[in-house]
1. Would you tally the residues in the stretch 72-95 being among the hydroxyl-bearing types (Ser, Thr, Tyr) and at pLDDT 80 or above?
2. Consider ARG163 carefully, then state whether it is free of Cβ contacts under 8 Å to residues at least 40 places away in the same chain, in contact with a helix residue (DSSP H, G or I) (Cβ under 7 Å, 6 or more places away or on another chain) and among the basic types (Lys, Arg).
3. Given the conditions (1) touching a Phe, Trp or Tyr at 6+ places or on another chain (Cβ under 8 Å); (2) buried (at least 19 other Cβ atoms within 10 Å of the Cβ), and given that LEU256 satisfies all but one, which numbered condition is not satisfied?
4. Considering only the stretch 42-65, state which residues are open to solvent by less than 20 Å² (accessible area, probe 1.4 Å), modelled with pLDDT of 80 or more and not in a loop (DSSP other than H, G, I, E, B).
5. Identify all residues within the stretch 66-90 that are loosely packed, with under 14 Cβ neighbours inside 10 Å and part of a strand (DSSP E or B); write none if there are none.
6. Can you tell me which residue in the stretch 1-18 is farthest from the chain's Cα centre (by Cα), limited to those that are open to solvent by less than 60 Å² (accessible area, probe 1.4 Å) and within 21 Å of HIS175 (Cα to Cα)?
7. Determine, yes or no, whether VAL211 is modelled with pLDDT of 90 or more and either among the basic types (Lys, Arg) or within 30 Å of ASN272 (Cα to Cα) (or both).
8. With the structure loaded, tell me whether ILE278 is surrounded by 14 or more Cβ atoms within 10 Å (Cβ to Cβ), closer than 27 Å to ASN158 by Cβ and at pLDDT 85 or above or whether it fails that test.
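The values are calculated or read from the model by the stated rules, or taken from the named source; none is laboratory data. Just so it is clear, the structure is predicted and the values come from calculations on it, not from any experiment. For neighbour counting, all protein chains shown are included, and Cβ atoms are generated from backbone atoms with ideal geometry for every residue, glycine included. Side chains included, ligands, DNA and RNA excluded: accessible areas come from the protein's heavy atoms. Shrake-Rupley method; radii C 1.70, N 1.55, O 1.52, S 1.80 Å.
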Amino acid sequence: MTLQLTAQRRRWWWISSILVLLSIVGMAISWVQFGGPVRPGLDFIGGTRLQLERDCTKAQCDRPLEAGAIREVLTSEGLERSNVQVVGQEQQGFVISTGDLSPEARVQLQTKLSEAFGPFDPQQTQIDTVGPVLGQQLLSSGLLALLVSFAGILVYLNFRFQRDYALLAILALLHDVFITAGIFAWLGILAGYEADSLFIVALLTITGFSVNDTVVIYDRIRETIALFPDDDIDEIVDLSVNQTLGRSINTTLTTLLPLVAIYIFGGATLQNFALTLIVGFVLGAYSSIFVASTLLGWWRKRTPRSPQPINAET
């Protein structure tokens, strides 16, 4: 079966437009509630993270822990703005992210939680503290790395292709990163997801994957234009995408399989990282096939056609 992408380009653009609009709404709500486009985690705003797990040899573990019950204890200690995430296959552990706590306050909180839910396994207890200055430095460094990666990709694509190829590829890349951030803005609002330094790492990884898929398709379009310069650009785009479709799908699926495994078995920290990559890679494959290619066909119909040099390296 041959996909007729360009004939239905408005459908794909409407889907992307709706996702972008929902992302804008989610990030606006997140900004009002949490002071950022996604809910910032401990790595960026500073504070204390406690990871505790019940010792089932000393406590009754017949029922999983409930986030609501944990929040009641936190509220009684004046920590109602804390974030709580129940973790573990049997839901016997939890992670609390809250403001900076003194050693005495941490001991008092652990005592209250132990009284409410039973003793905790000291070998599974983890306490992390990040100062607000270090958090701001991590955020600034992460955003700078993201901007530098975009600039580098733009320069590379501008040399490898013509300028319109480069600009449209960057537009598709922004589409992927923006919608990924929007989805996690909603997860922060509805499910308490917090963005940490691994979130920035995931966005950088998504940019590399997405632009690679787009380059493969644009390479084939450029080659086909050089071979059939008088053919309609929409036909060339459809032909080129269908020729590379199998490669794009196979690359995405083989990448998603280990990420799904990490999400299922990787623990609380790696789960969020894997989920970000899963969302971003799916969006990257979608935008390369349905957005970047159709945008190029639409643009080339409205601009004079120029010779398409093929680099010796391709």
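1. The qualifying residues number 2.
2. Here the answer is no, as ARG163 does not meet what is asked.
3. In the conditions (1) touching a Phe, Trp or Tyr at 6+ places or on another chain (Cβ under 8 Å); (2) buried (at least 19 other Cβ atoms within 10 Å of the Cβ), LEU256 misses (2) alone.
4. THR48, LEU50, LEU52
5. none
6. Checking each candidate, the answer is THR6.
7. No, not satisfied.
8. Spelling it out, it is not the case that ILE278 is surrounded by 14 or more Cβ atoms within 10 Å (Cβ to Cβ), closer than 27 Å to ASN158 by Cβ and at pLDDT 85 or above.
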